[in-house]
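Below is one structure, written out as structure tokens; the observations come after it.
The values are calculated or read from the model by the stated rules, or taken from the named source; none is laboratory data. Since the model is a prediction, treat every value here as computed from it, not as a measurement. Ideal geometry is used to build each Cβ from the backbone, glycine not excepted, and the neighbour counts take in all protein chains shown. In case anyone asks, the SASA skips ligands and DNA or RNA and just uses the protein heavy atoms, side chains included. Shrake-Rupley method; radii C 1.70, N 1.55, O 1.52, S 1.80 Å.
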Amino acid sequence: MLDHHLDALFQAAADRDPDRLFGHASQLYAATETADEATLSAVAARFGPVFDLVPPGIGARLGIVAGALAERGADPVPLAEPLVDQLTGLLEQSARFAAAWRSATGEEPPEPDDNDPGWLQSTAGRLTGLPEREAFGLADAWASVHLAHMPILSILQLSPKLRAALPGRERLVAALSAVAGDRDDLEWLAGLLAVLEDEHLIVLHRETGRGYEVVIGGIGDNFQLHTLLADVVSGPSDHGLIEGVQPDPEWVMAASDGDVDPEDGPVHGQFNLVDAYGKWIWNEGVPADIPRLDGVRVVVLDPPPYARSWSPGRRYPMMPGTIRLERILPADEAAAWMARIAPEGGAE
């Protein structure tokens, strides 16, 4: 049955019949409702090549089905390359659209209006100086980016492997950077592309002089990092850990892989996070912003200067945050790190 729907999908793509294409895509998705992960993964692997057969605007709509298959349990890795290639091409065209729009109108690029059936034609018509076909293609790319980026949001949240080694990442990041100032709707994607995976941190507790090496992954912001750090270094002092900083278990679960909206909140901050150079690590930032010292990101745990609280949860609900205490540093190693960091209150 699923092979039948896939065959029909590809035939509709080859025939350039979008109505049949989307009809078969919808039927395929409905037919996978009770499929197991192995079957879903086989469907996803066959689904990927369809993007080579359709225009990017059509592909952006098909991408929603691909992302939904991944959310149902399909291995997203085979989908990554075609989805990333499609989005990157649309972003590059969108940068050309923004430049052409400013040149032709002197205005900031417009927000696409999905509810206006004439938006594409009227927008393309204002790109004076371009051939009609080219103008329409650029406007279509600008309008299609939002849909095209949505399945990337899904597969990056679902796959640590893709977060660590996304095919085409460098070109995608460059294309995204070129339009980021004009597209607030892409902020979540930019944040996901900055998520660290299998990243080693040195964590120093200034008050006790203790140090730890931890490994993090899937952490979307420093609110989440703060909660998970407090949990992983918390424990009996005679075990080399820090007493009195244990966060509520529900906060920890919400920051890792549990309910993102627990009843018990808000989260209360246990520390002031500071980098190796004495600057505060703001909770609103992301772990990738933490600067390195000799190639390693360093987090210093200082007493909080005032009470901080925030809502429990994760910025990216489908992405489990992970943290592992790799080792407690020997006293001499911890002291060596402590000697190299800025003194408390050295900067803010």
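Structural remarks
- Full-extension gain in nm, Asn115 to Arg61, via 0.36 nm per residue minus C-alpha separation: 17.9 nm
- Expressed as a fraction of 2.2 N^0.38 Å, the C-alpha radius of gyration for the stretch 238-333 is 1.18.
- Fluctuation leader among Leu28, Leu186, Leu130 - the chain, Gaussian network, Cα springs under 10 angstrom: Leu130
- Expressed as a whole percent, the accessible area of the stretch 119-233 that falls on carbon and sulfur atoms is 54 (1.4 Å probe).
- Low-density loop positions, GluC sites (Glu not before Pro), the stretch 1-80 - DSSP coil, at most 16 other Cβ in 10 Å: Glu33
- Potential lengthening of the chain between Phe22 and Trp282 amounts to 89.1 nm, from the contour at 0.36 nm per residue minus the alpha-carbon distance.
- At 1.567 mPa s and 4 °C, Stokes D of the stretch 1-54 from Kirkwood alpha-carbon radius, µm² per second: 117 µm²/s
- Sum of side-chain charges, Pro247 neighbourhood, beta-carbon under 11 Å (Lys, Arg +1; Asp, Glu -1): -4
- Hypothetical label at Ala335: residues of the stretch 282-317 whose amide nitrogen lies under 11 Å (7 Å Cα-Cβ projection): none
- Equivalent ellipsoid of the stretch 118-160: semi-axes from √(5λ) of the C-alpha gyration tensor, largest first, are 31, 9, 5 Å.
- If the Kirkwood radius is taken over C-alpha pairs of the stretch 115-272, then at 25 °C and 0.890 mPa s the Stokes-Einstein diffusion coefficient equals 127 µm²/s.
- Of the chymotrypsin sites (Phe, Trp or Tyr not before Pro) found in the stretch 262-317, the ones in coil according to DSSP and having at most 13 other Cβ atoms within 10 Å of their Cβ are Tyr277, Trp282, Tyr306.
- The convex hull built on the alpha-carbon positions of the chain has an orientation-averaged projected area of 21.0 nm².
- Cα-projected label distance for Met318 with Ser103, points at 7 Å along beta-carbon direction, nm: 3.8 nm
- Spin-label model, Val215/Asp289: points 7 Å from Cα along the beta carbon direction are separated by 2.7 nm.
- Kyte-Doolittle mean at least -1.0, axial Cα span of 27 Å or more - DSSP H helices of the chain: 77-105, 132-158
- Computed with a 1.4 Å probe on the full set of protein chains, the accessible area for Leu2 sits at about 30 Å².
- Electrostatic bookkeeping for Pro109 treats Lys and Arg as +1 and Asp and Glu as -1; over the other residues with beta carbon under 10 Å from its beta carbon, the sum is -2.
- The chain: calculated mean residue ellipticity at 222 nm from DSSP helix runs of at least 4, using -39500 (n - 2.57): -15500 deg cm²/dmol
- Label separation (Arg169 vs Glu326): 1.7 nm, computed from points 7 Å beyond Cα along the C-beta direction.
- Surface accessible to a 1.4 Å probe, per residue, for the residues of the chain, Å²: 47 Å²
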